[in-house]
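I have placed the structure first, in the form of structure tokens, so that the comments after it can refer back to it.
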Amino acid sequence: MASETRRIRRKGLAFGTKADNGALRGANEERQWAAAGIVDGTGRTGAARALQRSSEDLRQLVKQRTRQLRKAREKLKVETERRRELENKILEVSDREQQRLAQELHDGLCQHLTAVAFMARSVALRLKNHRVIDAADIDKIAELVNKAATDTRNLSRTLHRVDVDASNLAPALQDLIDREMWKTPCRLEINPSFRLDNDVAAAQLYRIAREAVINANKHARARQIVVKLERSRRGEIILSVCDDGVGLRSAGNGARGLGFQIMNYRARQLGGELKIVSPKTGGTRVICHLPRMASRFAKDRRHLGTSRAVRPDVDQKLRASESGRKGE
């Protein structure tokens with residue numbers, strides 16, 4: 001092994017040293033490798049800890065998302081069951097309405113027309129025999145014909161869907177409360193300056209008001225029904241149908257039956273909220289709050305054709321059930 005002698009001067013003194021170059025280089029390399037190993041081990045440990053933390057965070061995130069998906073699935077299941085139950089009830093009401101309509105036509109309009117036919121034939125026989133005709137008989141025929149026309153008109157209004165848009169919402173509500181078929185007098189309160197810029201919202205508000213008036217006539221035993229449509233200071237649209245009747249407790253299950261479900265369904269399609277309250281002073285109030293952005297929301301939904309828009313088949317069933325409930 002090669003070696004060499006070096007003289008090192010320190011403070012004027014000379015020392016002779018003999019070093020092994022190979023041994024020195026080996027020791028230096030060993031120290032360098034050891035230091036590199038320590039650094040590498042420390043880096044791997046830090047990376048492993050970071051990976052473990054990331055894995056734990058991901059595991060917690062997966063658990064959180066799983067819980068949210070489970071809740072959403074349960075909510076969707078409940079909503080699906082509720083809609084299925086509602087549709088089944090609507091179908092049952094539709095079947096009963098067909099029977100009621102057939103009976104009403106037979107016992108109402110047909111009886112009137114039969115009476116008119118008999119009286120007209122009696123007048124014809126008197127004319128044929130040159131007998132005196134009583135003017136009261138002619139007046140009675142005219143009265144029966146007018147009564148039949150009124151019943152037919154009311155029946156057609158019940159069956160025919162009224163096309164209500166934003167421009168004719170107020171006239172449609174006025175026509176609704178002016179109908180002669182209601183047992184309880186109705187009154188409409190609306191500011192002449194009231195405006196609504198969405199046809200979908202107008203149609204649903206009209207049908208909510210109609211269903212509330214039907215329920216009040218059937219269950220409230222009230223002396224007066226007031227339909228009020230207004231806009232709050234915050235821009236909310238508020239539709240209320242109030243009566244001075246017996247209230248919710250005395251009205252029984254009908255107050256919160258299928259009619260309430262139909263109205264609540266329509267309000268939710270608009271992004272609104274429906275409440276039915278019975279004040280201590282008596283009576284019942286059906287209140288529909290439509291947020292300021294809800295009309296725009298409904299309009300956008302209609303143009304986009306999303307699932308939250310009112311489905312045509314469900315809407316048709318709802319209208320059929322509402323019409324059927326008027327004569328029950």
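The values are calculated or read from the model by the stated rules, or taken from the named source; none is laboratory data. Just so it is clear, the model here is predicted, and its values are computed rather than measured. Glycine gets a Cβ as well: all are built from the backbone with ideal geometry, and neighbour counts include every protein chain shown.
Would you confirm, using the coordinates I've provided, whether Arg285 is in a loop (DSSP other than H, G, I, E, B), modelled with pLDDT of 90 or more and closer than 26 Å to Ile190 by Cβ?
Here the answer is no, as Arg285 does not meet what is asked.
For segment 86-97, indicate whether the set of residues that are of a type in the set (Lys, Arg), modelled with pLDDT of 80 or more and out of contact with any Asp or Glu (no Cβ under 8 Å at 6 or more places or on another chain) is non-empty.
Taking every residue of segment 86-97 in turn, none turns out to be of a type in the set (Lys, Arg), modelled with pLDDT of 80 or more and out of contact with any Asp or Glu (no Cβ under 8 Å at 6 or more places or on another chain).
Pick from Ile237, Ile190, Ile141: which is modelled with pLDDT of 85 or more and surrounded by 19 or more Cβ atoms within 10 Å (Cβ to Cβ)? Working first, answer last.
Numbers: Ile190 fails: surrounded by 19 or more Cβ atoms within 10 Å (Cβ to Cβ); Ile141 fails: surrounded by 19 or more Cβ atoms within 10 Å (Cβ to Cβ).
Result: Ile237 is the single residue among Ile237, Ile190, Ile141 that is modelled with pLDDT of 85 or more and surrounded by 19 or more Cβ atoms within 10 Å (Cβ to Cβ).
Applying the selection to segment 106-138, what residues are modelled with pLDDT of 85 or more, under 52 Å from the mean Cα position of the chain (by Cα) and among the polar types (S, T, N, Q)?
Hit for segment 106-138 is Thr114, nothing else.
Considering only residues that are among the polar types (S, T, N, Q) and loosely packed, with under 14 Cβ neighbours inside 10 Å, look in segment 155-173 and name the one that is modelled with the highest pLDDT.
Ser167
The conditions are (1) without any contact (Cβ under 8 Å) to a residue 60 or more places away in the chain; (2) surrounded by 14 or more Cβ atoms within 10 Å (Cβ to Cβ); (3) closer than 30 Å to Lys228 by Cα, and Glu87 fails exactly one of them. Which is it?
(1)
Return the pairs, sorted by first residue and then second, in which the second residue is in a helix (DSSP H, G or I) and among the small types (Gly, Ala, Ser), the first residue lies in segment 190-208 and is free of Cβ contacts under 8 Å to residues at least 12 places away in the same chain and not assigned by TED's automatic domain parsing to the domain that holds Ile238, the beta carbons are less than 7 Å apart, and the residues are 6+ apart or on different chains.
Going by the 7 Å Cβ cut-off, there are no qualifying pairs.
Name the single residue that is surrounded by the most Cβ atoms within 10 Å (Cβ to Cβ) among those in segment 114-132 being touching a Leu at 6+ places or on another chain (Cβ under 9 Å) and not in a loop (DSSP other than H, G, I, E, B).
The extreme case among them is Val116.
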